[in-house]
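Reviewing the structure listed below.
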Amino acid sequence: MTAAIRTAPQPQDSITALNPTEILIKVKSAAVNPVDYKLPRLVAGKVVGLDVSGVVEKLGADVKDFQVGDDVFGRAINSKGTISGSLADYTLANMEEVAKKPKWLPFDHAAALPTAYLTGIQSLRAGNVKEGSSVLVIGASGGCGIAGVQLAKAMGASRIVGICSGKNFEFVREMSGIEKVENLELVDYTDDEAMNNFKEKNVGKFDCIYDTATGSGKGEDYVSTMTKLLGEKTGEYVQINGSPSTWTRHFMGKTPSQRTLILTESKGKADLEEIVSLLESSSVKSHLDMNFFDEKGVNEGFEQLKGRRTKGKIVFNMD
């Protein structure tokens, strides 16, 4: 079996035995995320990749909700809670880590959803987003940012603001699913005057700030200047990255009030089902940057990812 290995390209050992709650998936498409290069092999496993879509090839004895031949998508996490790897011909997933893929959703688009959209929906829930909420998405043109904008809209937010580079404004508008230009406000983080004006005029205005940029690799820190934009006592600042000291405070239970640091929860089957329902209701899909599954394609995909200027999700067609 062919797979992308973290040390050097070589065939992966054949997958032969399934634990009772596992599913063997013939991979159709796979996507990569920053976590795929940030985690060491000891934690992330030998085979690269977490997000997957494909066809059920074999079932463990306790799997009842799936059948051989079902189209599925989710995260390649096995019954031990470790990453099986998605950039391979076949992978294993625990039955609670995948959901059935609806027919309207192509395999490539399905593979782009799991990590970014699970993180998005869990973050917006932590921010208590509901009908009529006001939401600020920082890093709106990235994979997690686009997911945040789309899901906030689908969850009923009445005001959505995105922060990204001005050159990506049209892309974010196109992907948002928000038809009227005036219903999606965008702020250019490279324009100091625009950013200062925005911050001055929006003190206390947001129910949820979803920060996908702080701590993502190049010293970004929006927390110190954006927290004041939260509604007094009720707003929630939700971030998905942070400095080592931020993570230390999180694990010690000393995160400041009105702040949440998100670690995407495992066993996301129910959330995946809700995500595709929300996206279908909004008539939106993820944005794909497609790559070939060969040594050159994998290397180029990770160079794009590490450059941190990719719009949407990097996806590999594995067929």
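Assorted remarks:
- Per-residue 3J(HN,Hα) values for region 54-69, derived from phi via the Karplus relation 6.51 cos²θ - 1.76 cosθ + 1.60 with θ = phi - 60°, read x, 10, 5, 9, 7, 10, x, 4, 9, 7, 10, 8, 10, 10, 4, x Hz in sequence order (x marks Gly and Pro).
- Shape summary: the chain maps onto an equivalent ellipsoid whose semi-axes, from the alpha-carbon gyration tensor, are 34, 20, 19 Å in decreasing order.
- DSSP-defined beta bridges in the chain - what % are antiparallel, rounded to 5: 50
- Length gained on full extension, residue 19 to residue 243, computed as 0.36 nm times the residue gap minus the Cα-Cα distance: 76.9 nm.
- Bridging of residue 254 to aspartates and glutamates at a Cα separation below 18 Å is possible for 236, once same-chain residues fewer than 8 apart are set aside.
- Residue 183 versus residue 303: modelled label distance in nm, points set 7 Å from Cα along the beta carbon direction: 4.1
- Note on residue 252 and residue 270: the extension gain reaches 3.6 nm, defined as 0.36 nm multiplied by sequence separation minus the Cα-Cα distance.
- Sparse packing (at most 14 other Cβ atoms within 10 Å of the Cβ) combined with a DSSP loop state is found for the following chymotrypsin sites (Phe, Trp or Tyr not before Pro) in region 69-121: 104.
- The phi torsions of region 19-29, fed into the Karplus equation with coefficients 6.51, -1.76 and 1.60 and a -60° offset, translate into couplings of 6, x, 9, 9, 10, 8, 10, 7, 6, 9, 9 Hz, rounded to whole numbers, with Gly and Pro shown as x.
- Subset of 180/267; 201/306; 130/180; 26/130; 233/285 violating a 29 Å alpha-carbon distance limit: 180/267; 201/306; 26/130; 233/285
- Of the accessible area of region 130-193, computed with a 1.4 Å probe over protein heavy atoms only, carbon and sulfur atoms account for 45 percent.
- Surface exposure of region 263-319, expressed per residue as accessible area with a 1.4 Å probe, stands at 56 Å².
- Amide H within-cut-off set for residue 289, under 5 Å, with H built and near neighbours excluded: 313, 314, 315
- Relative counts (whole %) of C-alpha pair distances in region 109-225, using bins that are 5 Å wide: 2, 12, 23, 27, 22, 11, 3, 1
- Volume of the convex hull of region 196-304 (Cα atoms only), normalised per residue: 196 Å³.
- When the surface is traced with a 1.4 Å probe over the full set of protein chains, residue 18 keeps roughly 40 Å² accessible.
- The loop-placed GluC sites (Glu not before Pro) in region 154-260, going by DSSP, that have at most 12 neighbouring Cβ atoms within 10 Å of their Cβ come out as 179, 232.
- DSSP-loop trypsin sites (Lys or Arg not before Pro) across region 269-310, with at most 16 other Cβ within 10 angstrom: 308, 309
- Rounded if a/c under 1.5, otherwise prolate or oblate - region 185-228, Cα gyration tensor axes: oblate
- Label-to-label distance, nm, for residues given as residue 128 and residue 221 (7 Å Cα→Cβ offset): 2.8
- Between the amide H of residue 86 and those of 49, 50, distances stay under 5 Å, these residues lying 5 or more places away or on another chain, with hydrogens modeled in the peptide plane.
The values are calculated or read from the model by the stated rules, or taken from the named source; none is laboratory data. These figures come from a predicted structure and were not determined experimentally. Counting neighbours? That spans all protein chains shown, and the Cβs are built from the backbone with ideal geometry, glycine included. Side chains included, ligands, DNA and RNA excluded: accessible areas come from the protein's heavy atoms. Shrake-Rupley method; radii C 1.70, N 1.55, O 1.52, S 1.80 Å.
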